[in-house]
Structure formats: C-alpha cells, structure tokens
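See below for the structure under consideration.
The values are calculated or read from the model by the stated rules, or taken from the named source; none is laboratory data. Every value quoted in this text rests on a predicted model; they were computed, and no experiment measured them. For neighbour counting, all protein chains shown are included, and Cβ atoms are generated from backbone atoms with ideal geometry for every residue, glycine included.
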Amino acid sequence: MTEAIAASARSVAAAGTEIIGLTPSFGAESVEGNVESYLAAVAVMNAVTTYDGPFDAVVQAGFGEHGREGLQELLDVPVVDITEAAAHVAHLIGHKYSVVTTLDRTVPLIEGRLTLAGLATRCASVRSSGLSVLELEEDPATAVKAIVREAELAVRDDRAEVICLGCGGMAGLDDAVRHATGVPVVDGVTAAVKLAESLVGLGLSTSKIRTYAPPRPKRITGWPLPTD
C-alpha cells in the first residue's frame, strides 16, 4: 500500500520533486481504530525522525489518523495531513463535500479530525463503504463499486458537491468515482503533495512560536527507536 500511495504521489509531483515512501518499522498491518491510530502516530514519528536523509516536506498519508501535531512539533519543514488536504481542496471547489471511507468504525475518527482542524462545517457527510483497508488491495473491483455506491448516495441524498476519498489506500480511484458521480473527486494523497509543494515553493512552514514549538528538552526513555 505504501508503494501504491507513493506511485499516486509521483503521478502529480512536479518535475524535480522526489517522493520517498516510508513505512513504519512497527505497528498494525492497517489502521481502523483509535489504538492502531495512536500506535501509528508514534511509529510514523519514529520513521520520519530516524530517516537518513534530508527532506523538504512530509505528507502524512493516514486519513483521519492522529499524529500530525506531533510531527509539526518535531520538524522544521511543512507537514501536510491527507485528511486536511482533501477537505481544504474540497472547500475551494464546492459548497459541501462528503468523505467516503472504509469501515463504519473509522467514521467518528474522521469526523473528529475534521472538527479539530476546523473543516467540519461544510462536510455534508462521512460515509462508510463497509470495506476494510486491506480489502481495498485484495479486491479492487469490489472496492470501486462500494465506494462509487456511497459517493452516489452522498451526492443524491446529502447534497454533496465534492467527494473526498477517505483512505490513503484509495489513491488512484478518483477517476472512477468522478466518472460515476459527475462531481469533482479529491484524493487526499495527491492534494497533499501539491499543497506541500506550494508551501515549500512559498518558503513557508509551521509556525514555531506557540502551539507547535519544539518539544521541551527532557529525557525520553527508549525513543526514538534505533534503525536496523
């Protein structure tokens, strides 16, 4: 899935932008709940801070997941979360947007992240396709049908004017959903890449004066984990 997400990111990246796909060294095989999300947040911070090489920006490719704030404290480069990237772009091209995601249990997580980011007011709905994250890869044809079905209902019943794909594993499915619904479809991965490029090009990054100031110096036992 990391490879598929990286490939989608590369498809829109500007000439000269290098996309590096990182997978944490520990954690659950997929994230579909709070325990897995908090674990992934630590794992992602560990993967990024132990990566051997410079980078200009970070895209966090977990939809509705925790951790963006921690990365913003730790890093001096822009950090863009795909949940917020998708919603920001949707705001620019329609009055109301809906998110189509995986299992129903992830709906509250996404709603919470959108509310925390101040992006929930124009969210018409967050709909579940009923598929697990791993099923997106195992049976792509069934996944497309389920996602399209919920997207069509969001447009018809919830009056959504834009659809956001609510999982990094849905990267690359935007054309199929757009064709079926007739409305713009935002893939959070590609949206986040272009927003990250824009921030780098503008010379902008996270404000460090208060909320995302670097962590106070203190002893932390056992973290970050050593790399193999």
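The single condition among (1) surrounded by fewer than 22 Cβ atoms within 10 Å (Cβ to Cβ); (2) touching a residue at least 60 places away in the same chain (Cβ under 8 Å); (3) in contact with a Leu (Cβ under 7 Å, 6 or more places away or on another chain) that A120 does not meet is (2).
When V79 is tested against (1) surrounded by 22 or more Cβ atoms within 10 Å (Cβ to Cβ); (2) over 24 Å from S37 (Cα atoms); (3) of a type in the set (A, V, I, L, M, F, W, C), only condition (2) is not met. For the range 48-90, a residue qualifies if it is assigned to a helix (DSSP H, G or I) and polar (S, T, N, Q), and the qualifying residues are T49, Q72, T83. Would you check if G188 is under 30 Å from V12 (Cβ atoms), out of contact with any helix residue (DSSP H, G or I) (no Cβ under 9 Å at 6 or more places or on another chain) and modelled with pLDDT of 95 or more? For G188, the condition - under 30 Å from V12 (Cβ atoms), out of contact with any helix residue (DSSP H, G or I) (no Cβ under 9 Å at 6 or more places or on another chain) and modelled with pLDDT of 95 or more - is not met. Considering only residues in the range 185-211 that are closer than 20 Å to E111 by Cβ and not aliphatic (A, V, I, L, M), the one that is surrounded by the fewest Cβ atoms within 10 Å (Cβ to Cβ) turns out to be D187.
For the range 97-107, the criterion of a residue being in contact with a Cys (Cβ under 9 Å, 6 or more places away or on another chain), under 24 Å from V144 (Cα atoms), of a type outside the set (S, T, Y) and modelled with pLDDT of 95 or more is satisfied by at least one position. For the residues L114, L134, the requirement of being under 25 Å from A9 (Cβ atoms) and either in a loop (DSSP other than H, G, I, E, B) or in contact (Cβ under 8 Å) with a residue 60 or more places away in the chain (or both) singles out L134.
Note on the range 21-59: residues that are touching a strand residue (DSSP E or B) at 6+ places or on another chain (Cβ under 7 Å) and either free of Cβ contacts under 8 Å to residues at least 24 places away in the same chain or more than 22 Å from V186 (Cα to Cα) (or both) amount to 2. The single residue among A4, A14 that is part of a helix (DSSP H, G or I), of a type in the set (A, V, I, L, M) and in contact (Cβ under 8 Å) with a residue 60 or more places away in the chain turns out to be A4. Residues that are part of a helix (DSSP H, G or I), β-branched (V, I, T) and either crowded, with 24+ Cβ neighbours inside 10 Å or in contact with a Pro (Cβ under 9 Å, 6 or more places away or on another chain) (or both) within the range 144-163 comprise just one, I147. On the stretch given as the range 193-228, residues that are acidic (D, E) and out of contact with any Ser or Thr (no Cβ under 7 Å at 6 or more places or on another chain) total 1. Counting only residues that are over 17 Å from D158 (Cβ atoms), over 14 Å from the mean Cα position of the chain (by Cα) and of a type in the set (S, T, Y), the range 90-113 holds 0 of them. Checked against the criteria, G182 does not count as surrounded by 17 or more Cβ atoms within 10 Å (Cβ to Cβ) and either in contact with a helix residue (DSSP H, G or I) (Cβ under 9 Å, 6 or more places away or on another chain) or under 14 Å from Y97 (Cα atoms) (or both).
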